[in-house]
Amino acid sequence: MKMKRIFPLALAAALAGGLTLALSLPAQADDTSIILQSTTSTANSGLYDHLLPKFSEKTGITVNVVAVGTGQAIKNAQNGDGDVLLVHAKPAEERFVADGFGVKRFDVMYNDFIIVGPASDPAGIAGKSDVATALKAIAESQAVFTSRGDDSGTHKKEKALWTAAGVDPSEASGTWYRETGSGMGATLNAAVGMDAYALTDRGTWIAFKNKGDFKIVVEGDEALFNQYGVILVNPEKHAHVKAEEGQAFIDWILSAEGQQAIAEYKLDGQQLFFPNAGKEGS
Amino acid sequence: MQDFAEAFRLAFGLVGSADPDLIEIVVLSLRVSFTALLISCAIGLTLGAFLAIARFPGRGALLVLVNALMGLPPVVVGLFVYMMLSRAGPLGVMQLLYTPTAMIIAQTILITPIIAALSRQVIEDLNGEYADFFRSVSVPMADRLWALLWDARFSLLTVALAGFGRAVAEVGAVMIVGGNIDHLTRVMTTAIALETSKGDLALALALGIILLGIALAVNAAVMGLKTQAVRHAYA
């Protein structure tokens, strides 16, 4: 019977241990860190692993990157769950600033979108540089196309390209037009698995490791330009925003030093992002 | 698929070289899931024991609810915790979003129903066996509870392992509330999801193999303890 007295003690000890463990974990990130709401395309390419240590070394500020789709990143920033927003969907970014959630939007850099597809090229579009013609050919041949379908920057771009090509793929959703509702990598994995075409940014594609026999089929059209913008979340909307540290990051990434660091980042010998700060603010 | 062979090679390489990044995410995974498990056991065992022996109106409905909550989708728990902890949410001032604490909260919500529902069943069965004895010597309620919990301790260890397994394996909740931030909230499962999205399937699978190895080690350790304890108890 004595053993029964031990059980409450053991339970109490376990609980106390658990609480101590919970409390010993950092309750929140320390003050010299900011949260950057950004996109999977920039994070998956490895760009931040190259940029952020340089910035942290100079300023002592740690940047914690939350990499989600542009739509979700903007939504998170609107909720005040981030200090800086770095995404690629200019109209949505401008609305974010106009609605008072962001202070000001700055161009940071660009890369470009490409259409990738299987070596067999069922729609016969390899080598085309005109995106509208290529998309029309995909729709006409009913070759399988995988879409992000997740309201991300890439998805918004893709929808705009279909509109420009005069095709409404949503009618074919579930047949040749397949919306994965997932991130860029998951969508590329699906495309490779289904021998389907997909729109992706060049950075993610170069860094992507599960290419199978896939190749870039369409590139070089100006319509495929992919502009990234950076915005400080408005401290007037969310008083807890670390405006000083966030602004320090924005100042750095727009500075000659930050811009050069972007240009220096190469993967397999290819430059992924092209800095263009200061060309145009809004 | 040469990826399989490559995955095993990578897994052994990472473990063998004691890769510091790997150790960091393994330690965080274990801390988060064990802490969630301890809190869940404190709540879930109490609730389970109470539900097992108490009789009150609406008990049947409550049992159905607790059992149904075992099937809580992690992504829904993640979304709920995100909405509570977001700066725009009711608990936003606590600044817990994107911290390990947020991940512990999400996993605790996820596994407490599992601990409660399974322990309720275990204790209720044992209570049936003891019913005559308790009635004959009129044991007070609190003593009955402790007696049942204590005598069921070995079965309850398995219940705890089920909870731990669920916590350490889920990705949907910790991805949303932790944000998969490198060196802050990245755990095994979110790292696996990340590598998969990068198309590095071999590395993703290698991390999966390591996670499985950790689960095996934890279960083996608990099994060893249990064997020792059983020998001790009945010696």
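The values are calculated or read from the model by the stated rules, or taken from the named source; none is laboratory data. These numbers come from a predicted model, not from an experiment. Here the Cβ is made from the backbone with ideal geometry for all residues, glycine too, and neighbour counts use every protein chain on show.
Yes or no, residue by residue, for (1) in contact with a Pro (Cβ under 8 Å, 6 or more places away or on another chain); (2) under 26 Å from B:L203 (Cα atoms); (3) of a type in the set (F, W, Y); (4) in the same structural domain as A:V131 (by TED's automatic domain parsing):
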{"position": "A:A143", "(1), (2), (3), (4)": "yes, no, no, yes"}
{"position": "A:A164", "(1), (2), (3), (4)": "no, no, no, yes"}
{"position": "A:P169", "(1), (2), (3), (4)": "no, no, no, yes"}
{"position": "A:T175", "(1), (2), (3), (4)": "no, no, no, yes"}
{"position": "A:T180", "(1), (2), (3), (4)": "no, yes, no, yes"}
{"position": "A:G183", "(1), (2), (3), (4)": "no, yes, no, yes"}
{"position": "A:N189", "(1), (2), (3), (4)": "no, yes, no, yes"}
{"position": "A:A196", "(1), (2), (3), (4)": "yes, yes, no, yes"}
{"position": "A:W205", "(1), (2), (3), (4)": "no, yes, yes, yes"}
Residues of the range A:168-198 satisfying the condition of being in contact (Cβ under 8 Å) with a residue 12 or more places away in the chain, assigned to a helix (DSSP H, G or I) and within 28 Å of A:V66 (Cα to Cα): A:M184, A:G185, A:T187, A:L188, A:N189, A:A190, A:A191, A:V192
Looking only at the range A:119-142, which residues are buried (at least 21 other Cβ atoms within 10 Å of the Cβ) and within 12 Å of A:D195 (Cα to Cα)? A:A123
Does A:A98 fit the bill of being more than 14 Å from every other protein chain (Cβ to nearest Cβ), surrounded by fewer than 19 Cβ atoms within 10 Å (Cβ to Cβ) and over 30 Å from A:V217 (Cβ atoms)? yes
Could you grab me the full set of residues in the range A:212-222 that are within 11 Å of chain B (Cβ to nearest Cβ) and either part of a strand (DSSP E or B) or more than 16 Å from A:F145 (Cα to Cα) (or both)? A:G212
If you take the residues in the range A:226-251 that are among the acidic types (D, E) and in contact (Cβ under 8 Å) with a residue 24 or more places away in the chain, which one is nearest to A:L36 (Cα to Cα)? A:E245
Given the range A:28-94, what helices (runs of 4 or more DSSP H) lie entirely inside it while holding 3 or more residues that are touching a Phe, Trp or Tyr at 6+ places or on another chain (Cβ under 7 Å)? A:47-59, A:70-78
Filtering helices (runs of 4 or more DSSP H) wholly in the range B:1-95 for at least 1 residues that are over 30 Å from A:H240 (Cβ atoms) and not hydroxyl-bearing (S, T, Y) gives B:3-16, B:20-53, B:59-69
Mind checking whether some residue in the range A:233-241 is in contact with a helix residue (DSSP H, G or I) (Cβ under 8 Å, 6 or more places away or on another chain), over 18 Å from A:N111 (Cβ atoms) and not assigned by TED's automatic domain parsing to the domain that holds A:S147? yes
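Residue-by-condition table, conditions (1) modelled with pLDDT of 55 or more; (2) among the β-branched types (V, I, T):
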{"position": "A:L11", "(1), (2)": "no, no"}
{"position": "A:A27", "(1), (2)": "no, no"}
{"position": "A:D31", "(1), (2)": "yes, no"}
{"position": "A:T39", "(1), (2)": "yes, yes"}
{"position": "A:E57", "(1), (2)": "yes, no"}
{"position": "A:V65", "(1), (2)": "yes, yes"}
{"position": "A:G69", "(1), (2)": "yes, no"}
{"position": "A:Q72", "(1), (2)": "yes, no"}
Checked the range A:51-95 for anything of a type outside the set (A, V, I, L, M), surrounded by fewer than 24 Cβ atoms within 10 Å (Cβ to Cβ) and within 13 Å of chain B (Cβ to nearest Cβ); matches are A:P53, A:S56, A:T62, A:N64, A:Q72, A:K75, A:Q78, A:N79, A:G80
Go through the range A:32-44 residue by residue and tally those that are more than 9 Å from every other protein chain (Cβ to nearest Cβ) and more than 14 Å from B:G179 (Cβ to Cβ). 3
Pick from the range A:258-278 the residues that are under 19 Å from A:F55 (Cβ atoms) and free of Cβ contacts under 8 Å to residues at least 60 places away in the same chain: which of them is farthest from the chain's Cα centre (by Cα)? A:Q260
Could you list, in sequence order, the residues of the range B:51-105 that are in contact (Cβ under 8 Å) with a residue 60 or more places away in the chain, facing chain A (nearest Cβ under 10 Å) and more than 21 Å from A:Q78 (Cα to Cα)? B:P100, B:M103, B:I104, B:I105
So is B:A193 over 19 Å from A:G183 (Cα atoms) and in contact (Cβ under 8 Å) with a residue 12 or more places away in the chain or not? no
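Residues are listed down the side, and each one gets a yes or a no for (1) hydroxyl-bearing (S, T, Y); (2) more than 30 Å from B:D200 (Cβ to Cβ):
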| position | (1), (2) |
| --- | --- |
| A:H155 | no, no |
| A:A160 | no, yes |
| A:G166 | no, yes |
| A:S170 | yes, yes |
| A:L188 | no, no |
Residues that are surrounded by fewer than 18 Cβ atoms within 10 Å (Cβ to Cβ) and within 16 Å of the chain's Cα centre (by Cα): find the helices (runs of 4 or more DSSP H) completely inside the range B:134-235 holding 3 or more of those. B:153-169, B:201-234
